Amino acid sequence: MSTHTDTLARLERTIAARRGASPDSSYVAKLNAKGLPKMAQKVGEEATETVIAAVSGSNEELVGESADLLFHLMVLLGAKGVSFDHVLAELDRREGLSGLDEKASRSE
């Protein structure tokens, strides 16, 4: 049975495989060809669209924009050589910490 973690792992593998494809045949390759600034810009755009959907859209719109945001974040992470497992490990590390305490520890 597939889990949502499997979905993210499959997506990460697909993104990695398409990174080196022709920009004419792959959106991932096209983003990579445009470089990190464009990938970061897309994450920002998708984050803004997610916020707008959360405030004034339907739950369906929020789900769609959230999926777009995760996809573009994974493209950016992959381009930087950061695995999604690394991000999940950081979430695991923070589990059980007070959000306020965790945030304070980063601002020291």
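The values are calculated or read from the model by the stated rules, or taken from the named source; none is laboratory data. Note that this is a predicted model, so its numbers are computed, not measured. Backbone-built Cβ (ideal geometry, glycine too); neighbour counts: all protein chains shown.
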Restricting attention to the stretch 51-84, which residues are of a type outside the set (Lys, Arg), in contact with a Leu (Cβ under 9 Å, 6 or more places away or on another chain) and within 18 Å of Lys38 (Cα to Cα)? Leu70, Phe71, His72, Met74, Val75, Leu76, Ala79, Val82
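A quick yes/no check of all residues on (1) of a type in the set (Ser, Thr, Tyr); (2) at pLDDT below 95; (3) part of a helix (DSSP H, G or I):
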| site | (1), (2), (3) |
| --- | --- |
| Asp6 | no, yes, yes |
| Thr14 | yes, no, yes |
| Met39 | no, no, yes |
| Glu60 | no, no, yes |
In the stretch 54-84, which residue that is in contact (Cβ under 8 Å) with a residue 24 or more places away in the chain and not hydrophobic (A, V, I, L, M, F, W, C) is nearest to Lys42 (Cα to Cα)? His72
Just to check your reading of the model, which residue among Ala54, Ala104 is at negative phi and modelled with pLDDT under 95? Ala104
Qualifying positions in the stretch 17-50 - touching a residue at least 40 places away in the same chain (Cβ under 8 Å) and loosely packed, with under 15 Cβ neighbours inside 10 Å: Leu36
I'm told Glu95 meets every condition in (1) modelled with pLDDT under 95; (2) loosely packed, with under 13 Cβ neighbours inside 10 Å; (3) within 19 Å of the chain's Cα centre (by Cα) except one. Can you identify the failing condition by its number? (3)
If Lys80 meets every condition in (1) at pLDDT 95 or above; (2) of a type in the set (Lys, Arg); (3) in contact with a helix residue (DSSP H, G or I) (Cβ under 7 Å, 6 or more places away or on another chain) apart from one, which number is that one? (3)
Provide a single number: the residues in the stretch 66-87 that are part of a helix (DSSP H, G or I), exposed (fewer than 14 other Cβ atoms within 10 Å of the Cβ) and of a type in the set (D, E, K, R). 1
